[in-house]
């Protein structure tokens, strides 16, 4: 058996040194990954407090939405398992409603209600536990059919008729945090910034006289697969099998579970999507999951149905699939 958790970066910012005005950067470790906020063209006295406010918000979200350590979410999950009603903040209620909408759009391929399955596979831990569960246990949770539509949200009260619903927002929280970062930076008067949460990236403004430029990491080889310019409001999300996974008898099991089968998805190595506009961060994070889980055969159809025009994917055989719109953007 081989265990691995390689790389904290799914996308690597390709930032060049510049003269005045300076590039102010700060890193932190949140959401189980490395986070970097880069601000261009603002004095340090303005940039540093703005970055500090972003990182403080990230830390608050991390502690609120953690799936397996004591948190607001873990307390909600304990109540859901007992069919109890729980009061939540208006912000969390709105977030859960949005998660329901995204899940429905994806035909439940993006299904944050399957926390029990994710825990069963050992991914509710800082490092994957590296053990294939018993088939009967997998079948049990698949047959329980937890879905986001089982969740009831009314007057900031949340409950579920299905006690199998256990929320894991790991496929949503980083994208939500990106949108929060843009809101906070803008409120501090920052016009040009790049925020990277372990490969989920959003751009604000530009880097001097050119767009922000990132590299899309190859899922199996060192270095980048391609380079991409990000314009104001662009966000990138990547789902891959190379960050959180383990191997048993030469087979790779990643943390992205197909809710239809209860087994880790195996048709893709990585899927990167680019979106822009309202809630770009959230959509870039969540909508890469159904494309990854459903595999290469329905990649173009799923992307079209979800309104995604820009995608770059590497399937399990190493073949690259790139949409015409994304191909025109790649360098």
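Quick test for you: out of 241, 278, 234, pick the one residue that is more than 21 Å from residue 328 (Cα to Cα) and under 16 Å from the mean Cα position of the chain (by Cα). It would help to see each step written out before you state the result.
Values: 278 fails: under 16 Å from the mean Cα position of the chain (by Cα); 234 fails: more than 21 Å from residue 328 (Cα to Cα).
Among 241, 278, 234, only 241 is more than 21 Å from residue 328 (Cα to Cα) and under 16 Å from the mean Cα position of the chain (by Cα).
Out of 79, 45, 93, which single residue is out of contact with any helix residue (DSSP H, G or I) (no Cβ under 9 Å at 6 or more places or on another chain), free of Cβ contacts under 8 Å to residues at least 40 places away in the same chain and either surrounded by 17 or more Cβ atoms within 10 Å (Cβ to Cβ) or part of a helix (DSSP H, G or I) (or both)?
Values: 79 fails: free of Cβ contacts under 8 Å to residues at least 40 places away in the same chain; 93 fails: free of Cβ contacts under 8 Å to residues at least 40 places away in the same chain.
Of the residues listed, the single one that is out of contact with any helix residue (DSSP H, G or I) (no Cβ under 9 Å at 6 or more places or on another chain), free of Cβ contacts under 8 Å to residues at least 40 places away in the same chain and either surrounded by 17 or more Cβ atoms within 10 Å (Cβ to Cβ) or part of a helix (DSSP H, G or I) (or both) is 45.
For residue 252, are the conditions met, namely being modelled with pLDDT of 95 or more and part of a loop (DSSP other than H, G, I, E, B)?
On the way: modelled with pLDDT of 95 or more: yes; part of a loop (DSSP other than H, G, I, E, B): no.
Spelling it out, it is not the case that residue 252 is modelled with pLDDT of 95 or more and part of a loop (DSSP other than H, G, I, E, B).
Go through (1) over 30 Å from residue 291 (Cβ atoms); (2) part of a helix (DSSP H, G or I) for residue 104 and report which single condition fails.
For residue 104, the failing item is (1).
Please indicate, with yes or no, whether at least one residue in region 310-331 is crowded, with 24+ Cβ neighbours inside 10 Å, at negative phi, part of a loop (DSSP other than H, G, I, E, B) and modelled with pLDDT of 95 or more.
no
For region 154-181, how many residues meet the condition of being within 18 Å of residue 74 (Cα to Cα) and buried (at least 18 other Cβ atoms within 10 Å of the Cβ)? Working first, answer last.
Of region 154-181, the ones within 18 Å of residue 74 (Cα to Cα) are 156-174.
From what's left, buried (at least 18 other Cβ atoms within 10 Å of the Cβ): 158-160, 164-174.
Residues that pass the stated criteria total 14.
Mind telling me which of the residues 194, 274 ends up being assigned to a strand (DSSP E or B) and under 25 Å from residue 53 (Cα atoms)?
Numbers: 274 fails: under 25 Å from residue 53 (Cα atoms).
Exactly one residue qualifies, and that residue is 194.
May I ask you to list the residues in region 124-154 that are touching a strand residue (DSSP E or B) at 6+ places or on another chain (Cβ under 9 Å) and either at positive phi or modelled with pLDDT under 95 (or both)?
127, 128, 129, 130, 131 - these are the residues of region 124-154 that are touching a strand residue (DSSP E or B) at 6+ places or on another chain (Cβ under 9 Å) and either at positive phi or modelled with pLDDT under 95 (or both).
The values are calculated or read from the model by the stated rules, or taken from the named source; none is laboratory data. Nothing here was measured: the structure is a model prediction, and the numbers come from that model. So basically every Cβ, Gly included, is an ideal-geometry build from the backbone, and we count neighbours across all protein chains shown.
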